[in-house]
């Protein structure tokens, strides 16, 4: 899809740090915590929640009372007049949520929407499905997070199998994956320089965890659970699957966190921006699906589709990718004809973790800040998602 009147106000988006699962955010209700973070952000920016006329809520892991979705979250942040849909599309949730808000803008239904994405991989729900037809009426159980990581009901394999399949077919060996992981780790270190100067451009820091509203139980200063990475350390790791090539070092880790942004018209974007000389225009989006069990390949056709709709070429845009496996970026660089070091500046989900719903939005916010530091330009976000699919989004930043 191409967009004509959808904008992101500069400085009206945020992400929490991402915390490795079973860490500092493991006990926080993801939607209540997302509401707390939203309230904190709006307060810092001096934005009244009453300006909202819609909210799109994205999540992938159910939590108690999530049935009430966006209306509940809107009420918790002081926007009880607003409502909207829940969006859930695995790791493509962020792009789909932005698309949903933009489509509402494009047809004139809404003008000031909040896109809020939140997930907690920690302590995922254990579901029980009654089966009256079974012997004794015994039902079946599902561990939402682990069982779905472990098996795609259509393709039949685990998530990691998709990376192994692409590695085998594309000839991507262990050495290439270790090299890519080291590169992405080094790029992430750039985001930490000068007391996290880059991350502080968009991240809620420090982040107080205050579920009761009375007592702060934790203060988070940055991403938690990042694995120190070296060539020697990676070399010691064994493949996760015997006979395979993908190690725990060359894949991301599950995490907890949330991220949000306003999606508005151009006029309202100027009103809400921290720097009114900067405009961020949504240009196009794309979505693709590839053959069973080859998820990492899907990023390429999704990106090509979004770029074609924008009329752009890969070598003339800044790029951020959601890369749950190092294999993803190796394949993407080869197929798109670009250098691996030319994209994912300041880090990626391979290193800082993957809470699923909010991962893409954090990367989009990083893409925006990278373009602002460049003085403006064109950008592409692309990332794979469960079901051998991928989504992509093109945007343009103008400064001055």
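The values are calculated or read from the model by the stated rules, or taken from the named source; none is laboratory data. All figures in this text were calculated on a predicted structure; none of them were measured in a lab. Reconstructed Cβ throughout: ideal geometry from the backbone, glycine too, with neighbour counts over all protein chains shown.
Against the conditions (1) buried (at least 19 other Cβ atoms within 10 Å of the Cβ); (2) in contact with a strand residue (DSSP E or B) (Cβ under 9 Å, 6 or more places away or on another chain); (3) under 20 Å from residue 369 (Cβ atoms), where does residue 342 fall short? Just the number, please.
Going through (1) buried (at least 19 other Cβ atoms within 10 Å of the Cβ); (2) in contact with a strand residue (DSSP E or B) (Cβ under 9 Å, 6 or more places away or on another chain); (3) under 20 Å from residue 369 (Cβ atoms) one by one, residue 342 breaks only (1).
On the given criteria, is residue 83 within 30 Å of residue 227 (Cβ to Cβ), touching a helix residue (DSSP H, G or I) at 6+ places or on another chain (Cβ under 7 Å) and either at pLDDT 95 or above or not in a loop (DSSP other than H, G, I, E, B) (or both)?
no
Of the conditions (1) part of a loop (DSSP other than H, G, I, E, B); (2) on the phi > 0 side of the Ramachandran plot; (3) in contact with a strand residue (DSSP E or B) (Cβ under 9 Å, 6 or more places away or on another chain), residue 69 fails just one. Which one is it?
The failed condition is (1).
Here is a list: 233, 213, 222. Which entry is over 18 Å from residue 348 (Cβ atoms), touching a helix residue (DSSP H, G or I) at 6+ places or on another chain (Cβ under 9 Å), modelled with pLDDT of 95 or more and not in a strand (DSSP E or B)?
The conditions single out 233.
Please enumerate the residues belonging to the stretch 16-40 that are closer than 17 Å to residue 259 by Cα and surrounded by fewer than 18 Cβ atoms within 10 Å (Cβ to Cβ).
26, 29, 32, 39, 40
Limited to the stretch 160-175, what total is found for residues that are surrounded by fewer than 19 Cβ atoms within 10 Å (Cβ to Cβ) and either in a helix (DSSP H, G or I) or on the phi > 0 side of the Ramachandran plot (or both)?
Summing the residues that are surrounded by fewer than 19 Cβ atoms within 10 Å (Cβ to Cβ) and either in a helix (DSSP H, G or I) or on the phi > 0 side of the Ramachandran plot (or both) in the stretch 160-175 gives 6.
Restricting attention to the stretch 178-188, does a residue exist that is closer than 23 Å to residue 119 by Cβ, touching a strand residue (DSSP E or B) at 6+ places or on another chain (Cβ under 6 Å) and buried (at least 19 other Cβ atoms within 10 Å of the Cβ)?
No, because not a single residue in the stretch 178-188 is closer than 23 Å to residue 119 by Cβ, touching a strand residue (DSSP E or B) at 6+ places or on another chain (Cβ under 6 Å) and buried (at least 19 other Cβ atoms within 10 Å of the Cβ).
Of the numbered conditions (1) within 26 Å of residue 324 (Cα to Cα); (2) touching a strand residue (DSSP E or B) at 6+ places or on another chain (Cβ under 7 Å), residue 62 satisfies every one except a single condition; which is it?
With respect to (1) within 26 Å of residue 324 (Cα to Cα); (2) touching a strand residue (DSSP E or B) at 6+ places or on another chain (Cβ under 7 Å), residue 62 is out only on (2).
Does residue 277 fit the bill of being over 30 Å from residue 326 (Cβ atoms) and surrounded by fewer than 19 Cβ atoms within 10 Å (Cβ to Cβ)?
Yes.
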